[in-house]
Amino acid sequence: MDATALHYENQKLVQQLEAQKSEMHVLEAKFKELRNEQSSYDNTLISLDKMWNQLVDDLILLGVRFGGGLNNLPALDHEELSEESIESCPSEEIFLFMLLKSNNYGKKDDNSLLEFAEEALALRRSATLALMRSLQEAIAAQQARSEAISIVNGKHKRYLDEIEAFKSSYSKELQEIKHLSGELEETMAELEESRRKLVILQLQRHGSSLMNMSGPNAVNGAVSADKSSDENMGWGDLKDAVDEAKTLAGNRLLELHETQEDNLILSNQLEDLQAQLKDDNYIFTSKPYTILSDKLHHMNAEIERYKGLVEVLQNDKNQFLQREKEMCAKGESVDNIEQSITAYEAKIEELEHQILKSMAEKNDLEIKVEESLQDSGKKDFKDEIHVMAAALSKEMEMMENQLNRSKDAASEALALREEAESLRTLLAKKISEQKEISDRYNAQVSEIKSLKELIETLEKENQELEFIVDMYGKECSESRTITEIKESENRARKQAEYLRTSLEEHSLELRVKAANEAETACQRRLCIAEAELEELRTDVDASERDVLELKEAIRIKEAEGDAYISEIETIGQAYEDMQTQNQHLLQQVADRDDFNIKLVSDSVKTKQASASLLSEKHLLQKQLHQVNSSLESSKQKLSRGEEQMKAYVAQAIKTSSENRHHAITIEKTLLEVSEAEKELKWLRSAVGSSEKEYEQNQKKIAELRTELERERSEKRKLEEEYEEVKNEVAELTSENEEATIQKLQDEIKECKAILKCGVCFDRPKEVVITKCFHLFCSTCIQRNLELRHRKCPGCGTPFGQNDVREVKI
């Protein structure tokens, strides 16, 4: 009765197990459906994350394009989450956690999880709104910058107009100087003619006086000796005076010839300077032009060098990308190995289930043996039954050994899992190092961009300098009149202003259109993202409910499994009790010969099943060997990956040294730029000195004008003297000789007084001041030169030591 009850209970247990299996299949189907829903949910979240990231990237790139700061560029490299934070998160909420991108996730309830998700989404929204604000600020800054550039262009135009006016006034003043020099030459020629006429008149007057003196002496021959001696003295003085006048006139003629030669030399120098200014070779051989050309060559060489560096860095970037792809492939291979390990674990579990089934079959066979023993009372087959029991016990031991081996394989699989986790940590470390290298690379790329901007500014400066040189060359080579040049310049300016206004309007329209399109696209994306978020929230709620239901079902099944295990333990105890009863029942086995034959056939079947199990065991061992070999190959690959990472680290060190070298070259370029600024300051100072020289030339022109007026007044005085001399000559014919002689002596005294210094009135005039052309003696001028404030005693104009020249009178 006990055996039949146990058999009945075993059948009930088998039925319950089948029902549980069917329930498990149903649960697995539900789980697959939930997994599919989770994958669709993950796909929607992935698309949402991509769209959100694309929106953020578009905003950042638009901000950079409109001249915003480069502080938001690191946001383009989206952060990856740590494995610890992912492990702390439940499996059904991993992707939501990855979407929210926050490392402060803990075990939370549903309400707290919703609050956490809303806070994280609010943070992402605030970040996007901040990016929008920064983009608007960048657009406003760009507009202000364009306005400042237009103001600078206006100032540049105004300065160009002032320079052109200065050039035109300079050319006009040069023409005035030429005209004044021509007038000077004419006045000098007129002065020479008037002086010659004076000398001729004086000679005529002296000749007439001599004729008048010789006439009365011939008539009155009886004149006293005293009168003759006085007359001889008067004639000697007159001869001396005439000789002095002749020497004075000769000296004046020599001075006039010297001044004419000086004027010719100065005019030749002026013509040479004008020819040099018109000549292109002079411009090309000038110092500023050579400096600018050298700078141009140097800048072009630096630009080519920086282009080469940029190409090298781009090649390095391509190599880094290839290495990243290789690392991703290696990570995929590691994932494949993990998947194979999980498959092997599933196979091990299946083998354990098969072993449990074989144990159940063994129990069934033992029950059948007991039944057969109860039915048959024969004693002949006791030994055979003992042998069968011993064989079954041996097979049980074999199965236990197989179980132990499978447990060892499971422990090895766990060890392999731990090794895989360690390899994952190593991979995470390597990925972090790779991120650091990529950050350094991004920093280098930003430095290269700044260098490119510096190169562009230098190229613009070079273009401006070339434009200035071309303008100077065109000004020197053009033969058009000033009015035509001004008209052409005005036309060109009007055209340029019209083109600039049209370009600015067009660029503003394009910017406004682009901004409006970007805003509309962003709003559409935001609306779509909000709708998708609401749908995803509903899906998340439904999936959470399903997961909770499945958890409760799994808990119930676990409780039922525990109950089944306790029942199996009680059955085992009953089996032990039955073994004690089997010893009593062995006496009844002899009568059941027919049933024993059936048992022999069943034993043969069990042997065949055990042989099949042994073959499966050998296959599993072979598969384990294959797994071990694949693990060894993966370890070798990982070692190779570590070596490659070491090579990458060495390359990163090399790139850092190259970056330092680039920084040194940048400092050199900055020094060269400072030198160029110094040279620009020097050129500005040279322009200032040229302006000062222009002012001095204007002062000299004014002085020349005053000299012209003075010469004209002297000419008028000489004409008046000439008329007076004519009148005197007319009067001399009628007046007495003595009065004329006295007048001549007075005139000679006045001439001598004129020839003497106007300061001391003792010494003759030996020195002239070239600034005011006043004559003085050398001693008086030397005394004045010894003073600090050197001024002309006649007019008070300041002069220097180089302005004093010797004159022979």
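Only the coordinates and a few stated rules stand behind these numbers; no lab work does. Only a predicted model underlies this, so the values are computations on that prediction, with no experimental measurement involved. Here the Cβ positions follow ideal geometry from the backbone for every residue, glycine too, while neighbour counts run over all protein chains shown.
Fully extending the segment from K681 to Y8, taken as 0.36 nm per residue of separation minus the present Cα-Cα distance, adds 231.0 nm. Note on the range 756-809: semi-axes of the ellipsoid equivalent to its C-alpha gyration tensor, largest first and rounded to whole Å, are 16, 12, 10. When you restrict to C-alpha pairs under 8 Å that are six or more residues apart and normalise by the size of the range 756-809, the relative contact order lands at 37 percent.
Modelled label positions at S168 and H298, each set 7 Å beyond Cα in the direction of Cβ, lie 3.8 nm from each other. Full extension of the segment from Q354 to L785, taken as 0.36 nm per residue of separation minus the current Cα-Cα distance, would add 142.1 nm. Put a dot 7 Å past the Cα of H625, heading toward its Cβ, do the same for L708, and the two dots end up 12.1 nm apart. For R124 and K513, FRET efficiency with R0 = 35 Å and r from the beta-carbon atoms, rounded to 0.05? That gives a FRET efficiency of 0.80.
Here the label points at S422 and E361, each 7 Å from Cα along the C-beta direction, are separated by 4.1 nm in the simple model. Computing FRET efficiency as 1/(1 + (r/R0)^6) for Q636 and V152, where r is the C-beta to C-beta distance and R0 is 51 Å, gives about 0.20. Between E695 and A443, the FRET efficiency from the beta-carbon distance, with R0 = 56 Å, is close to 0.55.
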